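Derivation of every value follows stated rules applied to the coordinates shown; laboratory data play no part. Remember, it's a predicted structure, so these values are computed and weren't measured experimentally. Cβ sites come from the backbone with ideal geometry, for glycine too, and all protein chains shown count toward neighbours.
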Amino acid sequence: MRVYLVAGELSGDILGAGLMQALKRRHPQIEFRGIGGPRMQEQGLESLYPLEILSVMGLVEVLRHLPGLIRVRRHLKRDALAWRPDIMVGIDAPDFNIGLERQLHDHGIRTAHYVSPSVWAWRQGRVKTIAKAVDLMLTFLPFEADFYAEHRVPVAYVGHPLADELPLINDRAAARAELGLAMEVPTLAVLPGSRSNEIRFHGEIFLRTASALRQRLGALQVAIPAASPQRRRELETLLEQFPDLSADTLIVEGRSREVMTAADAVLLTSGTAALETMLCHRPMVVAYRMAPATYWLAQRLVKTRWISLPNLIAQEALVPERVQDAATPESLVETLLPWFEDESRRLVLERRFAGLHAELQRGASERAAIAITSLVEHGTLDIQPESV
């Protein structure tokens, strides 16, 4: 069995590695080719490009990289058609992958997409393009599956792989011990993003917030996970501008889950990190800034009430969100303070997050592998989405 996989960023690399493990259990001689990061490569992927080549943030920013992205997609199309996989699976990165899936689908290669684009939130007309591009949509969230079923797109709701990986019971004290953090000092986890542009938009604001919060609380230790060595260097350079924080700030490469678990509260950008924080059962504040032109477009295109996955899953405002001009250090400090000053409120939210975690824990990688194998072996999803 041959599977062509294309992941677009760090979270896609994690998801792809889990899917590959599950597929290998069913097909020990399976071959993988495409684009992926270190985790996917460890599972046997022959990656033709570095993962970050597709990691471009924002509607406007993509325009500068568009010629290069088009060249990459053309190369992948030629390569896949020559290799003749049994199926191509695009992992997230929908603006890149859906187009590639459509091209390969038109040439008779079966296609699946893992991680639904937010068609229910904006540009709903994309579902027509998706219907022509994929033989199967694999969704993490139940309301996403309902949307595709209504539009007659073959779909399987598989739950979320992160919910499977993270324990329903976690230990804050153990996480602090592993990271060398003081047990009794209030702890803030800061996640300004995994891309260089996100560090540029959020890094200084988040550190200014941490500095001001430390003054309000009297004591505060800060833990920051860096997505890569390059991000770590960028964060360390930025931290030099905040000598008052340096002695009490820990920057670690990776280990984001330990950092989240160790924290009393988390300040982060929107995205998979918000879901991961929810699955670590930690209170959070979501902040997001972007280029003014990108924000102007987003305001007119996005039709959802919330930007963070915990709120979308719960369909209520569990998590405070501060976007663009509202994402100031002053605003973020006032929003974070209650999580440090009101322990009962924090515990109520942590229990709610644990309940949502249990609902998403379904064995996603294995269920996705079952659905993909069924599509390859039988040409259709010959089992009901609910059973997948």
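Charge dipole (Cα centre; +1 on Lys/Arg Cβ, -1 on Asp/Glu Cβ; no other charges) of the stretch 172-360 amounts to roughly 520 debye.
In order along the stretch 353-370, phi translates into HN-Hα couplings of 4, 5, x, 5, 4, 4, 5, 8, 8, 10, x, 5, 4, 5, 5, 5, 5, 4 Hz, rounded to whole numbers, per the Karplus curve 6.51 cos²θ - 1.76 cosθ + 1.60 with θ = phi - 60° and x for Gly and Pro.
Among Q221, V323, M284, which residue has its Cα furthest toward the positive end of the charge dipole of the chain, with +1 on Lys/Arg Cβ and -1 on Asp/Glu Cβ? Farthest towards the positive end: V323. The alpha-carbon of K128 sits under 13 angstrom from the alpha-carbons of these aspartates and glutamates, leaving out residues fewer than 8 places away in its chain: E150. Within the shell defined by Cβ-Cβ distances under 14 Å, the residues around I91 carry a net charge of -3, with Lys and Arg each +1 and Asp and Glu each -1. Here's the list of aspartates and glutamates a cross-link from K24 could span, going by alpha-carbon distance under 13 Å and ignoring same-chain residues fewer than 8 apart: E42, E366. Modelled spin-label separation between T129 and K303, with each label point placed 7 Å from Cα along the Cα-to-Cβ direction: 1.6 nm.
Net charge dipole, the chain: roughly 1200 debye, given to the nearest 20, about the Cα centre with Cβ charges of +1 for Lys and Arg and -1 for Asp and Glu. With θ taken as phi - 60° and the Karplus curve 6.51 cos²θ - 1.76 cosθ + 1.60 applied, the whole-hertz 3J(HN,Hα) list for the stretch 212-219 is 5, 5, 4, 5, 6, 8, x, 8 Hz, x standing for glycine and proline. In a reduced charge model with +1 at each Lys and Arg Cβ and -1 at each Asp and Glu Cβ, the stretch 246-347 shows a dipole moment near 520 debye about its Cα centre. Cα-based radius of gyration for the stretch 262-388, normalised by 2.2 N^0.38 Å, reads 1.32. What percent do you get for the relative contact order of the stretch 172-360 when only Cα pairs under 8 Å and 6+ apart count? After rounding, I find 23 percent. Under 8 Å for C-alpha pairs, at least 6 residues apart: give me the relative contact order for the chain, rounded to a whole percent. Result for the chain is 16 percent. By the rule of a C-alpha distance below 16 Å, with chain neighbours fewer than 8 residues away ignored, no lysines are paired with K132. When the chain is described by a simple charge dipole with +1 on each Lys and Arg Cβ and -1 on each Asp and Glu Cβ, the residue from P142, L267, H357 located farthest towards its positive end is P142. Note on the stretch 72-125: dipole from Cβ charges, positive end direction compared against V89, L76, A112; the farthest Cα belongs to L76.
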